[in-house]
Amino acid sequence: MLHQLTGVIARHQGDIRSVSIIEDHPVDTRVYFEVDLPGSEQALIEELHALPVVRSVTAVEPLQKVYGKRIIIMGGGAQVGQVALGAISEADRHNIRGEHISIDTIPLVGEQALAAAVRAVRRLARVRALVLAGSLMGGDIETAVKEVRGEGLLVISLNMAGSVPDASDLVVTDPIQAGVMAVMAVADTAKFTIDRLHRRVF
């Protein structure tokens with residue numbers, strides 16, 4: 001089925017930005033595509049609808065426009081909650097001015113679980129920044145942080161024990177401020193940029 005759908009998109013010179021299988025049942029499957037299209041949207045919809053495997057086609061706003069940039073906060077529950085408090089408050093201020101920034105959280109403990117989660121962030125769509133909120137992180141988590149930073153992801157760490165702060169782009173002691181700074185770093189409506197900071201630890 002995916003082969004047929006992507007074949008139609010290719011014939012219309014569509015650039016598939018992302019694809020998600022939202023529901024997968026024996027009878028029905030819902031597939032979501034985000035496509036950059038040089039030509040007519042209606043012509044693509046009509047050709048997709050003509051496929052025998054397709055029951056319906058609906059054009060919707062892209063998730064980038066609806067939910068926008070994502071910030072992921074992970075680590076200990078108490079610290080994650082405090083970082084989220086700052087991030088959500090700051091995101092609200094920018095979203096009122098036309099931004100679209102969403103905040104995702106996941107409380108996690110354990111080196112392997114956290115390292116796997118850090119690496120998995122790169123497979124999530126629209127993620128611009130990762131905030132690591134905890135009391136102690138190092139080992140394989142540090143390695144994972146270096147990997148995702150090497151792929152262009154901004155990583156902010158709380159000032160904690162372990163080697164993760166040394167591997168991060170920015171270290172912030174106050175968790176609420178860490179959330180605020182994460183949003184400011186990705187918001188187009190903010191003039192704050194980490195590259196212009198003269199120091200890396202706050």
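The values are calculated or read from the model by the stated rules, or taken from the named source; none is laboratory data. The structure presented is a predicted model; accordingly, all values stated were derived computationally and were not measured. Methodologically, a virtual Cβ is constructed for each residue, glycine included, from the backbone with ideal geometry; neighbour enumeration extends over all protein chains shown.
Using beta carbons and a limit of 7 Å, which pairs, at least six apart or on different chains, have the first residue in the range 174-197 and loosely packed, with under 14 Cβ neighbours inside 10 Å and in a helix (DSSP H, G or I) and the second one modelled with pLDDT under 85 and of a type outside the set (A, V, I, L, M)?
Correct list of pairs: empty, since none qualify.
Given the conditions (1) in a helix (DSSP H, G or I); (2) β-branched (Val, Ile, Thr); (3) without any contact (Cβ under 8 Å) to a residue 60 or more places away in the chain, which single one is not true for ILE88?
ILE88 satisfies all of (1) in a helix (DSSP H, G or I); (2) β-branched (Val, Ile, Thr); (3) without any contact (Cβ under 8 Å) to a residue 60 or more places away in the chain except (3).
Here are GLY68, GLY77, GLY86: which of them is modelled with pLDDT under 90 and touching a helix residue (DSSP H, G or I) at 6+ places or on another chain (Cβ under 9 Å)?
Unique residue meeting the criteria: GLY68.
Please state which of the following conditions GLN64 fails to meet, knowing it meets all the rest: (1) in a loop (DSSP other than H, G, I, E, B); (2) within 17 Å of ARG126 (Cα to Cα).
The one condition GLN64 does not meet is (1).
Exactly one condition in (1) in a helix (DSSP H, G or I); (2) surrounded by fewer than 18 Cβ atoms within 10 Å (Cβ to Cβ) is false for ALA125; which is it?
Failing condition for ALA125: (1).
Kindly check whether there is at least one residue in the range 97-114 that is aliphatic (A, V, I, L, M), within 28 Å of THR189 (Cβ to Cβ) and outside any strand (DSSP E or B).
Checked against the condition, which is being aliphatic (A, V, I, L, M), within 28 Å of THR189 (Cβ to Cβ) and outside any strand (DSSP E or B), the range 97-114 yields no hits at all.
Taking the range 83-93, which residues are out of contact with any strand residue (DSSP E or B) (no Cβ under 6 Å at 6 or more places or on another chain) and crowded, with 20+ Cβ neighbours inside 10 Å?
Matches in the range 83-93: GLY86, GLU90.
Between a residue in the range 124-138 that is hydroxyl-bearing (Ser, Thr, Tyr) and any residue that is surrounded by fewer than 23 Cβ atoms within 10 Å (Cβ to Cβ), which pairs come within a Cβ distance under 9 Å, given they are 6 or more apart or on different chains?
SER135/GLY76; SER135/GLN79; SER135/MET160; SER135/ALA161; SER135/GLY162
Output the residue which, of all residues in the range 26-54 that are surrounded by 10 or more Cβ atoms within 10 Å (Cβ to Cβ) and in a loop (DSSP other than H, G, I, E, B), is modelled with the lowest pLDDT.
Checked the range 26-54; the qualifying residue modelled with the lowest pLDDT is GLY39.
Applying the selection to the range 129-167, what residues are of a type in the set (Gly, Ala, Ser) and either surrounded by fewer than 23 Cβ atoms within 10 Å (Cβ to Cβ) or part of a helix (DSSP H, G or I) (or both)?
SER135, GLY138, GLY139, ALA144, GLY150, GLY152, ALA161, GLY162, SER163, ALA167
Which of the residues that make up the range 1-25 are over 27 Å from the mean Cα position of the chain (by Cα) and surrounded by 14 or more Cβ atoms within 10 Å (Cβ to Cβ)?
Correct list: VAL8, HIS12.
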